[in-house]
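Read the structure below first, then the notes.
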Amino acid sequence: QVQLVESGGGLVQPGGSLRLSCAASIRIFSIYVMGWYRQAPGKQRELVAAITSGGSTNYADSVKGRFTISRDGAKNTVYLQMNSLKPEDTAVYYCNAQGYSGGFSHWGQGTQVTVSS
């Protein structure tokens, strides 16, 4: 199975920036889509951003213009650059990898992002 390790979470002030990393145990171009999800207390886990092996991206409306998903194939790592952070961005952020033709779907352990003064 694919192992995913998230890092980069922490406490940041509103308006600040944070970059999350998701390191995969396999070549990320062997993964159809990698996405960042988040789950706040009492809320459903939601898609934040996703990127396909072909480079197509998708963002939740709430983060468009503020967050950017990118990748480094040499490092088998996907990043989520989060700018202009808001308190409502506070959540546990999870990396997800989905295989071609639904071959697999795996979640990382999550990393906490807290946006607060």
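Quick notes on this structure:
- Sub-7 Å Cβ pairs linking a first residue in region 33-47 that is among the hydroxyl-bearing types (Ser, Thr, Tyr) to a second residue that is open to solvent by 60 Å² or more (accessible area, probe 1.4 Å), at least 6 apart or interchain, are Tyr37/Arg45; Tyr37/Glu46, ordered by first then second residue.
- Scanning region 79-96 turns up no residue that is at pLDDT below 95 and open to solvent by 10 Å² or more (accessible area, probe 1.4 Å).
- Against the numbered list (1) polar (S, T, N, Q); (2) in a strand (DSSP E or B); (3) closer than 17 Å to Leu4 by Cα, Thr114 comes up short only at (3).
- From the list Asp89, Asp72, the lone residue that is acidic (Asp, Glu) and closer than 16 Å to Leu4 by Cβ is Asp72.
- Verdict on Lys86 being touching a strand residue (DSSP E or B) at 6+ places or on another chain (Cβ under 7 Å) and of a type in the set (Lys, Arg): yes
- Contact map, region 86-100: first residue under 8 Å from Arg38 (Cβ atoms), second residue basic (Lys, Arg) and open to solvent by 10 Å² or more (accessible area, probe 1.4 Å), Cβ cut-off under 6 Å, separation 6 or more or different chains; pairs are Ala91/Arg38; Tyr93/Arg38.
The values are calculated or read from the model by the stated rules, or taken from the named source; none is laboratory data. Note that the structure is a prediction, hence the values are computed from the model and not measured. Neighbour counts are summed over all protein chains in view; Cβ atoms, including those assigned to glycine, are modelled from backbone coordinates with ideal geometry. Side chains included, ligands, DNA and RNA excluded: accessible areas come from the protein's heavy atoms. Shrake-Rupley method; radii C 1.70, N 1.55, O 1.52, S 1.80 Å.
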